[in-house]
Every structure is written in structure tokens, then in C-alpha cells.
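Novice: Before anything else, here's the structure in question.
The values are calculated or read from the model by the stated rules, or taken from the named source; none is laboratory data. Bear in mind the structure is a predicted one, so any value in this text is a computation, not a measurement. Cβ coordinates were reconstructed from backbone atoms using ideal geometry, including for glycine residues, and neighbour counts include every protein chain displayed. Ligands, DNA and RNA are excluded from the accessible area calculation, which covers all protein heavy atoms including side chains. Shrake-Rupley method; radii C 1.70, N 1.55, O 1.52, S 1.80 Å.
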Amino acid sequence: MAAEARASAALLGVEALYFLPFHDGGLYTVEEAAAALAKEIVRLEPDVVFAPDPDVRSECHADHIKTGQAAKMTTCMSPYSGVMQSIGGGDKVHAISALALYYTDRPNVRLRIGRQFACRGEALTCHKSQFAEKDIQTLKLYFTLRSLRIGGIRGKCDGYRAYAPVHTHCFPEAARW
């Protein structure tokens, strides 16, 4: 699957790809994933972290749920030296500017999709171990219709449930977004 991910990423113009030591469908805990992700956030110093929305009621893929939960947890891990030390991450810290959850049913941010949209269908074809050809065609149609619905008169858009770090800790109103 790593080869499929690399091929797909190349089509989408991704310049660097990093894999954590967890397998698709693996029996790892959210806490293990959060600790590993926090260490990578500190190492790479990204501005924004993107992850699948773990709170979508229809999501059944354990890895999507765990990844989203882990990403949410890291907003309260990577900026704090005491927490990073406790997970073996050393003294270095990094605070992200935002967490953007995709595949969400509650987008609060909409971004226009440019030429990358057409690459998505092609990128899906790289994942032959996960999707049959008929499923790829269905997903292409779904992504097109979803992007038009989210974008409305603005045209094709991606929707994200985005939070600043302050919204991810003791801020219950953010759950309405």
C-alpha cells in the first residue's frame, strides 16, 4: 500500500510523504498514534494538520477514526514540553496554527478546488488494493457532486471542519461548527 500511496501522492503534486509505523487496519491505540504524530509535528513544524473527521457518524473505517482522534489529541500535545517529554519526544515543541478535518459532514471552511480536482480521480486509480474500478467511478462522481454542493455558486470547493488550537481544549461551542 505504500507504493500506492506514493504513486497517488505524486499525481497530486505532494513533494514529501512520511509514514508512521502503523498498518492499515492495524490494532494500535489512538494514544500510540497521537504520540507518534506529535513527534512528527514537532519534527516537521507544519502550519496546518489535515486529518479525516473522526466524528462523522457514518465513518466506520477504524484507521480514519483513530487518525482523526490522534490529530485532535496532538493539538494538546505538541506545543507543551512536559507532554512531549512524557511521550519520549524531547524538549522541542511546535504549535500548529490550525487543525483541518476533511471528509466532514460539518464544514466551516470552504476552499476552492483548482486544477488538483481533476487529479483526484487519477490518484484514486492508484489504490487498486482498496477500490474496484466500479467503486472508483462512483467515488469520482460522488466527489464531483460533493464539491459542487459545498461550493455552491463559488464552484467546486473542498469543505473542512477547521479549528484553531484554542478551539480544541475547553471550548464546547466549537463542536457546533
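Novice: Sequence-distant or interchain residues sharing an amide H contact under 5 Å with residue 94, placed H: which?
Specialist: Close amide H contacts, sequence-distant or interchain: 80.
Novice: Take the eigenvalues of the Cα gyration tensor for the range 63-131, scale each by 5, and report the square roots as semi-axes in whole Å, largest first.
Specialist: After diagonalising the Cα gyration tensor, the semi-axes are 31, 17, 12 Å.
Novice: Next question. Charges at C-beta only: +1 for Lys and Arg, -1 for Asp and Glu. How large is the resulting dipole of the range 32-118 about its Cα centre, in Debye rounded to 20?
Specialist: The calculated dipole for the range 32-118 is roughly 260 debye.
Novice: Helix 30-44 versus the longest principal axis of the chain: what angle, 0 to 90°, nearest 10, using Cα atoms?
Specialist: With rounding to tens, the tilt is 90 degrees.
Novice: If 160, 80 are ordered by their accessible area, calculated over protein heavy atoms with a 1.4 Å probe, which sequence runs from highest to lowest?
Specialist: 80, 160
Novice: Here is a follow-up. If the cut-off is a Cα-Cα distance under 13 Å, which aspartates and glutamates reach residue 140, setting aside same-chain residues fewer than 8 apart in sequence?
Specialist: 122
Novice: Tell me, how many Å apart are the Cα centres for the range 1-78 and for the range 79-136?
Specialist: Centre-to-centre distance over Cα atoms comes out at 7 Å.
Novice: Rounded to the nearest 10 degrees, what's the angle between the helix 133-151 long axis and the longest principal axis of the chain, both from Cα atoms, 0 to 90?
Specialist: Rounded to the nearest ten degrees, it is 70.
Novice: Report the label-to-label distance for residue 1 and residue 174 in nanometres (one decimal), using points 7 Å from each Cα along the Cα→Cβ vector.
Specialist: 2.8
Novice: Among 26-36, 140-150, how do they line up from the highest to the lowest mean number of other beta-carbon atoms within 10 Å?
Specialist: 26-36, 140-150
Novice: Can you give the calculated 222 nm mean residue ellipticity of the chain, where each DSSP H run of n ≥ 4 adds -39,500 (n - 2.57) and the sum is split over every residue, rounded to the nearest 500 deg cm²/dmol?
Specialist: The helix contribution divided over the chain gives -13000 deg cm²/dmol.
Novice: On to the next question. Taking only Cα atoms, what is the 0 to 90° angle, nearest 10, from helix 2-12's long axis to the longest principal axis of the chain?
Specialist: Tilt relative to the chain: about 70 degrees.
Novice: Hey, can you rank 168-174, 83-89 by average C-beta count inside 10 Å, highest first?
Specialist: Averaged packing, sorted descending, gives the order 83-89, 168-174.
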